[in-house]
Every structure is written in C-alpha cells, then in structure tokens.
1. Report the extension gain between LYS221 and ASP395 in nm, rounded to one decimal, defined as 0.36 nm multiplied by the number of residues separating them, less their alpha carbon distance.
2. Assuming a ≥ b ≥ c are the square roots of the Cα gyration tensor eigenvalues, decide whether segment 643-688 counts as rounded (a/c under 1.5), prolate (otherwise, with a/b larger than b/c) or oblate.
3. Over segment 416-532, calculate the relative contact order: mean separation of alpha carbon pairs under 8 Å at least 6 apart, over the residue count, as a percent.
4. Farthest toward the dipole's positive end in segment 238-314, which of ILE305, PRO286, ALA273, given Cβ charges of +1 (Lys, Arg) and -1 (Asp, Glu) about the Cα centre?
5. Counting only protein heavy atoms and a 1.4 Å probe, tell me what percentage of segment 494-573's accessible area is made up of carbon and sulfur.
6. How large is the charge dipole for segment 418-460, taken about the Cα centre, if only the Cβ atoms of Lys, Arg (+1) and Asp, Glu (-1) carry charge, to the nearest 20 debye?
7. Accessible area of GLU601, 1.4 Å probe, to the nearest 10 Å²?
8. Cut-off 19 Å, label point 7 angstrom out along Cα-to-Cβ of ARG450: give me the residues of segment 615-630 whose amide nitrogen falls inside.
Amino acid sequence: MDKSQSPWFPTRDEILAFIKDNPDKSSKRDISKAFGIKGQDRIALKKILKDLANDGLIGGSRKGFNAAGELPNVFVMDIVERDQDGELLAVPVKWESKDTPPPKIMVATSKRDKGPAPGIGQRVLGRLQDDGEGTEDRSASIIKILDKAPSSVLGVVRFGSDAQSLPRLLPVDRKQKELDIDELGDAKDGDLVEVKTVKIGKYDDARARVLSVIGSLKTEKAISHIALHEHEIPHIFPDEVMEAAESATETDVGPKREDWRDIPLITIDPADAKDHDDAVFAEADPDNNGGYVVTIAIADVSFYIRPNTALDKEARLRGNSVYFPDRVVPMLPERISNNLCSLKEGLERPALAVKVWLDADGKKKKHRFHRIMMRSHGGLSYEEAQAAIEGDVSDRAAPLLENTLKPLWAAYACLQRERENREPLDLNVTERKIKLDAEGRVDHVVVPARLDAHKLIEEFMILANVAAAEALEAKKTPLIYRAHDTPSLAKLESLRDFLSTIEMQIPKSGNIRPQHFNRILRHVRDENHELLTNQVILRSQAQAEYTPENYGHFGLNLQRYAHFTSPIRRYADLVVHRALVSGYQLGEGGMGDMNVEGLAEIAAHICITERRAMKAERATIDRLIAEWLSEQVGAKFWGRIGGATKAGLFITLDETGADGFIPISKLSDDYFHFDEARHQLSGERTGQTFTMGDHVEVMLVEALPFAGALRFEMLSEGKEGKAGRRAFPKQKGRRRKPSENKRGGAPKGISRKIKRKR
C-alpha cells in the first residue's frame, strides 16, 4: 500500500468484490461512499480502478463499473435479429470480456408498453431481468429507444447468378440483414451505395431503393466512407456551422496582440500539407554561451472558435481531424483550418507564441507566452529543409539557410543532448504510408524516411507542450493534460515472463522508468530477437489519454505535458489555448465559465474520438490493401510473425505492412502448444517452433476487401526445437477432440494442446 494512503484503504480484491455484489451501485462515487474514501485517497482509488480495467477484470466507466463478462442492470444494447419464434434479440453495445463473445439478450416487450415498437437496427436502453442463471437465457425490458431505425443504410450491391432475381444489398454494418433492392438506379455490381428501406410485413421484411452511388468499393473514397459510417464519425458540417465559418473575417494586431511580423518564423511541414498550424525560429542567446532562444508560434484558433458557439460545439463533437490516405475529415471547416488559421507563407496570421530559453545542454531555463500577429517568411517541406542543411539548397530555401535554418539545427542539437539525458522510451516503430493512383486505388506502399527535419519539429513541439503545461500550472489554471501512465502490474508480469526466456529482467519493485526498457532494447540491438523484444515492450505500455489530472507522461519521461501545438486538428489543444488566453489575460477567446468537471467530460469525450479516428484510419488501410492484394491470391510473400496465439499466427508482410492470419489448422500436421511467455507455437511431434518476430515466407490464399482481412498459408519450416517439449505447465481439463473447434480457437476452460489436421 502507498504510504500516502489511509491505513484502512480497501484492497483490490475488496473493491472488485464490491463491484460484483453491487452492479447497480458501483460508480466511482458509490465506491468512495461505501469505503469512506475522501481527499487524496480518491487518486489511489482511481489508480486501482484503472489497473482493474487494464487487467480485464472490470468494465464500464467512473459512472458505473461492472465485472468483466457480466452485464450491468441497466445497459445500452443494439437490436440485431429475431429468433425462430419471432422474438427480438439484442447484444450489449459495450462488452469488456475478450474471452467470450457478447451474449444475445431477448428483448422483452409488452402490449402495455407505450410508444412505437422497437425494431431491428435500433439502439435502446434496457434493464436486465433476472430470469436466468446465465447470460444466454436472460432478457431485458426496454426503458427507452435511443435512436430511430436507420432511414438509410450503407452497403454494397451484389448481383445474383439468376437474372430474374433481385440485386442484393450487403450492409456495411454486419448487424443489419441483407436486403433486396427494388430500385437500383445507376448502381453497378460492387458499388457502395446508400439506400432507403421500406418495411414490408409485420416481421421487418424490407426492400431497398438506392438513394446515392458512392462508387466502386475498389476506391479509397468508398472505403473511407465505410469507415466513417462504421465508426459514426461526423463528416458533413451543419449549415449553421458553415455559415459561421464563412462569415468569419481576418483580424489585425489589436491592443492585446504583439506585432511579430518581422521575426523570420517559417513553417516546415509535409509536402502535401494544406493547413499549417506551427511556425518556428531560433537564434543564439547572447546572455548564455552556447544557449539558444527558440520561438514556437501556433495558429490562434481560440480567437475564431469561441466557447459554446456553433463552430465550437461541432469541433467538440468531432474531437479531432481524421486522416485517410487521400482525404481528411477536418475538425474545423476549411475556411478556418486551411485559410484564416493556416500560417501560409507571406500572409499575416494571428498566433499564440512561446519563447523558450535553452542552455547549451538543451535544458529549459525559462519560457514566456505571447499573443501575436505574425507572417511566415517561408514554407518548406521536410525534405526541402533537410536537403538545404545537407548542401542541396533550393531557390525557396536559399534565403533562409544562414539566418533561419542553421540556427534551428543548432538549437535542435541542444535539444538532442537534453533528450539523451532525459532518455524517453526509444522503441523502433516503423510507419508505412499508402500511395494511391489517379483512380484512388493503392499504387504502392512506402516507408517514409525519418529525417532530422522531422525530429527537429517534433522536439520543438514537445518543448512547447511542456511549457504550456508548466505555465498553466503556475497560473493555477485548470487544463487538459496529455498523460501516459506507467505499465500496469499485469502487463509488467507478462513482460517479465517473456524477458526470462531471453535471460533478461526488469526491476520487480520501485519506480519503473523508460530507461529500464531502453537498456533492454540496447542489449538486444542487432540480435535475432530484437524485433520480438520491441513488439513485446510496445504491447506492455499503457495508452496515452487526455485528463484534467496530471500523472505525467511515462513514454516521454516528462512530469508535465499538455497538447498545445495543433489546435486546427485537435480539440484538446484548443482548450489549452483558451486556458492560456485566460491565464495570461490575453484578450478574447478564453475559457469562459469552464470548470474542472467540464474539462473532465471533454477529456473523456476526446479520448473516445481519438481512438475512434485511429480505428477508422486503420480499418481503411486494411480494406484498401486487402482490395489491392485480392488480385494476387496465390502469390508468395515474405513477412514477420506479428503475434502468436492459441488460434494461430498473425503475419505482417515486409513490403506493404499488410496484416493477415494463419489458422493453426493450416500450420502443420502436428499437435501445437501455445507458450504465452515466449509468444510461440511449438509442435509436439516435430519440435517446430513459430515465434513472434520470425521472418517467414507465406502464400496468400484469401483476401476479403469488405472485411479488410487476409488469410495466408505458411511456406517456411518452423525453427528446430525439442520434440515433445511442453512449453508451459499442463492445464486442467480434458483434451479437446479435433472436431470441437474447426476454426482454431480453443474453447474456454480446456487444454491448449490442440491436434491439427490438414
């Protein structure tokens, strides 16, 4: 127990038991009240609840927790189908258990119910009825219908082999059933379309009429549209928002804004960037030998987006911009993001700027925030700036080389020394980028070069974010931090199990720091298990989040950190800008009446929108690559084993970064044991082993563009191992017959020893 906790503070087991015994009274407030937790002890409670969630033992949120694999008394559910008796069946929207699928709950309806009857495709708030021993035979009554049945459905047109049969619609949402299409319009086989449904009959039979044709499923536009629909991402601005954006006008210097138009700030961005929200400048500090004064200017979005206006409400709803390979779904209308707030070369633009004084070792001595009017003196791409420093100077870069670019690189050298001393987590993570052809289809996949120009801007932005957090703390102004927690105890134990297989270890007690992981990463550099170790350490890390409570940023090894540098595309940064305007009394566009509770709600919401965007971006890439590779079924590829499970192997291809799966049934004619600590499958008879990180040759046997899924067959032999060796203690339970789980997954509670047949 933490020494700062009260001696009567409850244990993890006591808190978990309370949640299981009180499913209808298990909010953070309820738990605090039950155990008499007050003051600073609430922070310790939050930490325990987070650890329980990370360990998969509870689900829900601070408003109400429940034991994983169990349903709360009141929950949101989607009505998905009817059973053989015509009864409606629903599944819970949130289901925390990773080991079992969400249960199907019978929807209990009554003639006494008022209002319209619910139907398939609707989302409702239900109350669990205690009419069964397990989740399979439970039912729920409807408290409230949360949304209407969809008036339009997104799906793909498929023609039947029989010319007399109606075309079918395969809905994007797998919870919705297929529909016959009555009116096809101009849609062709394979087109993504939006249809209007018309109910026929009392059992929700429906037919569809095509409203609009989005395009071939082979194009990026159609595939990203699926992701927007699937993840319910707003992508059309309401009329009132567009009107507000179009009516916005440029600002001038004004009484609260300093004139910095003569300071040679420049932007360094991707070559195809349309919005430029940060500009930088550096010069030697005459009062500090070897030190530099760095200036980072960020577009003043807070001046245009005022709290509780139409523009603000829409930006908060979206939370962030969403980036697809050939399009962006912006947080703000283009009039704001690409025009009035974009720091384009030669144009006068309002900004919030921070000046930071660095010593020769890159340590920050002080900082100061200003509200300014600036003019970008140059707009370079990363490649153009890097080439200029290396001697290949373009006409655009030539006027900036001596007085701007070289001082920037000198200041960056100071920050590099500070980074080496601070030693943030140094994982080797490769980023791949899809390049499309003129028709919006995948042309090729590249791994962008990681230039010093990228690192320079990254370090300057980190510097500005730290200064923003420190400045607001000093002003005692509430803010939203970008926090990254230490790995959970469960994940650290799993990591220790793996490290023991390569004869390495991390401390068992005390504060775990990024340096401990970096020491391991340096030790395995250029070894056969370097990639495997990187992947296992990456998976052991917590997920960064937005929160009004500061618990530091573990990955960056920083005590205070807040996103400040991208208010055009992140709502969190806009909130920090408003806090700075209020804290420093810099004029209009401040926090208004925002309080800590309001910030907590915003932080929780934008965490969701951030993860939603990541899922949509990843799903789009998966579908694009699956469509691209669908014409190469039967081709051979080299790749790495990205994961080993009791169900099979995940493969990541070298050239494209595409992810696919090899079911264990297709691996070899052998019994296989799954070694969780080693991330390995080992054959009992042959002794072959397949381990995460192994370089293998595979053949593509199936590509499903609609699902973004690839299935491979293993061509490489496994590494030699000891035949008959058990890689883990024998589990209790009977040995499963080969026919019990043809898809390769092991049913819950039985042995992991699996017989596989071709």
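The values are calculated or read from the model by the stated rules, or taken from the named source; none is laboratory data. Given the structure is predicted, the values throughout are model-derived calculations rather than measurements. Because the Cβ atoms are built from the backbone with ideal geometry, glycine has one as well, and the counts that use them run over all protein chains shown. Note: accessible area is taken over every heavy atom of the protein model, side chains too, but ligands, DNA and RNA are not part of it. Shrake-Rupley method; radii C 1.70, N 1.55, O 1.52, S 1.80 Å.
1. On the way: separation 174, 0.36 × 174 = 62.64 nm, distance 3.61 nm.
Gain on extension, LYS221 to ASP395, equals 59.0 nm.
2. Values: a/c = 2.42, a/b = 1.76, b/c = 1.37.
Since a/c reaches 1.5 and a/b is larger than b/c, the shape of segment 643-688 is classed as prolate.
3. Details: 51 pairs, mean separation 30.0, N = 117.
The value is 26 percent.
4. Farthest towards the positive pole: PRO286.
5. Values: 1480 of 3770 Å².
About 39 percent, which is the carbon plus sulfur part of the accessible surface.
6. Numbers: 8 positive and 11 negative charges, 38 e Å.
Using only the charged Cβ atoms, the result is roughly 180 debye.
7. Solvent-accessible area, nearest 10 Å²: 120 Å².
8. Under cut-off, by backbone N: nothing.
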